[in-house]
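I have placed the structure first, in the form of structure tokens, so that the comments after it can refer back to it.
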Amino acid sequence: MLQRLSDATLGRVPASVGLPAYDRSKTGVGIVHFGPGAFHRAHQAFYVDEVLGREGGDWAICAVAPNNPTARDALAPQDGLYTLASLGAEVGLRVIGSIREVLHAPTETEAVLARLAAPGTRIVTSTVTEKGYCLDASGALDLSHPAIRQDLANPRQPASLVGHLVEGLRRRRAAGLAPFTVVSCDNLPRNGRKVGAALVAFAAELDPDLSAWIEGEGAFPNTMVDSITPATDDALRTRVDGALGLHDAWPIQREPFTQWVVEDWFRDGRPDLAAVGVELTSDVAAFDRAKLRLLNGPHSTLAYLGLLLGRETVAEAMADEALARFVATLMERDILPTVPPPPGFDLRAYGQAILERFRNPGIRHLLSQIAWDGSQKLPVRLLGTVADRLAAGAEIGRLCLPVAGWLHFLRTRARPGQPALVDPLADKLLEAARACGGEPVADVARFLSLPGLFPADLAADPRFREALAQAYAGLGDGSPGAVRQALAVGD
Ligand code: CS2
């Protein structure tokens, strides 16, 4: 039986594995993070670890698990330590030390609120996925969302992210403290503005003065985050335990590439992020559009069409020549024209580098993981591009193929014996999928009429309805043979 990784056993980690380059006991908590899953620990916690290694300071992280206690149960016995594996042509392992405290919101609500209201807390970051913000299709707070209604009825005992942040801010205001800066790190355009507006809207239902204070005093920088982070698997656990000679209950893996672009708008100070490679800028919009459309859009395309073709991972999907060619064409002809280049950016080179990253043989990134939460991801990743192309009077046939692929994927998931569909709208989607009879116009109309699924303008646009039905028909019965034919047509 291996001993557990922890402060007490850290000294036994072999020299080949990187260690925190600072005295952890001297770092106070300055950042509270909601959602310490794989992405946060591969990305923001890594950057903060670098900051602590350079300048020390009180920027350690209190990680809050908003739903299940898995992260707390894995990390608390390890004093917050875990291993980050960077997997590319070379493999790099290092133990990250920036998480100093781990709380489970549902069972430790008061401790979380006290941490949010503590004078030392200056920044709150979040990776709660698109659905964790409880927004409606227009990007505004959905006041009818069950979690929001519950928190509005009982604001001192919140359960949602928005409820926690507003109660934390209320306490700070009552104590005469500045608000913390809220840094959303999810794949949403204008993520900072959206979370800021959601907090203001939620507080307005309770106390207009608090709402005005949050709006006037708060800071909600937009961000773009990027690093491909496949879920932890057994191969990683075995590799890490073997290299450390200790047991790490939840190591994390990612590709070597990582990027974080942050709008430089902080209310009460920030660490020297630029010194550790974070790009601070006055405008994130061009970066987030480039990333969401050129990386996440193709990712979702590979996921749905690749799964229909029977592929399991992104690298396997990229090894399918017809699919890889289709994705490259989609990027070049349909997506690129809608993306204004961020300053100093060569978009073609950026797109090429993304395709190379997708081919990384060092990681096994499951297509089924990317296929999660399609109802939340597609509007941001593909449907905005479709709308822009329509507005420019361009053809949208190719862009509709991954959207139609998603509908076929839903139909396969609705069959008995299939893995459960992971999506906040799973019930509605599966009901629609089960009702489909294979007639393209009628099937597509079923999905288009689901409230809040497609943006209203697009759902009502006959050009979109027709192109989507055609792409859906092109995919036939969704079998590999039919998908292959459709890919050839889309070329
Ligand atoms: C992926 C992203 O799971 C998904 O939907 O498209 O998580 C992707 O790997 C990251 O955004 C890369 O930065």
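The values are calculated or read from the model by the stated rules, or taken from the named source; none is laboratory data. Small disclaimer: the values here were computed from a predicted structure and weren't measured. Positions of Cβ are generated from backbone atoms using ideal geometry, with glycine treated the same way; all protein chains shown enter the neighbour counts. Accessible surface areas use protein heavy atoms only, side chains included; no ligands, DNA or RNA. Shrake-Rupley method; radii C 1.70, N 1.55, O 1.52, S 1.80 Å.
Couple of notes before you dig in:
- As a rough guide to protection, the peptides 426-437, 308-319 ranked by mean Cβ packing within 10 Å, highest first, stand as 308-319, 426-437.
- V183 long-range amide H proximity, modeled H, under 5 Å: V124, T125, S126
- Dipole in debye (nearest 20) - the chain, about Cα centre, beta carbon charges: Lys, Arg +1; Asp, Glu -1: 380
- Under the convention that each Lys and Arg Cβ holds +1 and each Asp and Glu Cβ holds -1, the size of the dipole of region 206-286 around its Cα centre is about 420 debye.
- Whether region 10-281 is rounded, prolate or oblate, judged on the alpha carbon gyration tensor where a/c under 1.5 counts as rounded: prolate
- Approximate spin-label separation R415-W265, in nm, with each point projected 7 Å along Cα-to-Cβ: 4.8
- Separation between Cα centres of region 142-221 and region 266-284, rounded to whole Å: 22
- Of the residues P341, P230, I354, the one whose Cα sits farthest towards the positive end of the charge dipole of the chain is P230 (charges of +1 on Lys and Arg Cβ, -1 on Asp and Glu Cβ, taken about the Cα centre).
- Shape of region 339-480, Cα gyration tensor, a/c cut at 1.5: oblate
- A simple count of charges around E316, restricted to other residues whose Cβ falls under 13 Å of its Cβ and scoring Lys, Arg +1 and Asp, Glu -1, yields 0.
- Potential extension, L450-A349 segment - 0.36 nm per residue separation minus Cα distance: 32.5 nm
- In terms of the mean number of neighbouring beta-carbon atoms within 10 Å, the peptides 143-156, 280-293, 351-364 order highest first as 280-293, 351-364, 143-156.
- Rounded to the nearest 20, the size of the Cβ-charge dipole of region 10-281 about its Cα centre is 360 debye, with Lys and Arg at +1 and Asp and Glu at -1.
- Accessible area of region 341-491 divided out per residue, in Å², using a probe of 1.4 angstrom: 46
- Label point distance in nm, S282-E55, each placed 7 Å from Cα along Cα→Cβ: 2.2
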